[in-house]
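Heads up, the thing below is written out as structure tokens.
The values are calculated or read from the model by the stated rules, or taken from the named source; none is laboratory data. All of these numbers come straight from a predicted model, not from anything done at the bench. We place every Cβ from the backbone using ideal geometry, glycine too, and count neighbours over all the protein chains shown. In case anyone asks, the SASA skips ligands and DNA or RNA and just uses the protein heavy atoms, side chains included. Shrake-Rupley method; radii C 1.70, N 1.55, O 1.52, S 1.80 Å.
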Amino acid sequence: MADSQQPPQAQNWNAFVEQWNEQFLEALEENVEAQAQFVESWSETVGQATEDNEMSEGVEGYAKAYETWMNASQQMVERVNDQLEGEDVDIEEFRDIWLNTANEAFKDVMSTTAFARMTGETVGDVLELQQQADEAAQETLRTLGFATEEDVVEVGDRLVELERRQHDVERKLDRILEHLEDEDQE
């Protein structure tokens, strides 16, 4: 029977099921991609871990994260079966399963010493690169005859010192003027 010959309820149901299937497949694809990225990222981190204890802890974290993902997959299958059996399952429930799973899996990984070490090394590398870039920028400015940050700070320090000295001179002059006025009045 063609769509135009089906009653409106059947057409609505077909459209709903088609939309649900598309959303489910999109969510599944996104989650498979997320899992692949997670595994790739973690493999790089574990591959760079050097100490046995750190490596062991990293593998344990990865195993816990993997178990979390597998449990989420099982929950998804169960909820899909529930929906196929007629239970009203909100599509947001599927999203929540994957979001909560991602949070748990990342906690499993991020709480390891291997992850902390890699994060520390990355931050250290970024700070070192930033320092090198700052030094290169300062040298370029100096070469082009522009004031560098160091030059501006030095000028600022000198201005503060001049202002301090000016206040000292003003106070001394005020005392001298007061003394002269006192002598004129006597």
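What to note about this one:
- Cβ-Cβ FRET estimate between GLN74 and GLU22, R0 fixed at 25 Å, reported to 0.05: 0.65
- Modelled label positions at ASP82 and ASP96, each set 7 Å beyond Cα in the direction of Cβ, lie 1.0 nm from each other.
- For the stretch 117-186, the convex hull spanned by the alpha carbon atoms encloses 95 Å³ per residue.
- The stretch 48-154: radius of gyration and largest Cα-Cα distance (Dmax), Å: 24.6, 77
- Here the accessible area is traced with a 1.4 Å probe on the protein chains. For the stretch 56-143, carbon and sulfur cover 55 percent of it.
- The residues of the stretch 105-186 expose on average 84 square angstrom of accessible surface per residue, using a 1.4 Å probe on protein heavy atoms.
- Short to long, the 10 Å bins of the Cα pair-distance histogram for the stretch 59-110 hold 27, 44, 22, 7, 0 percent of all pairs.
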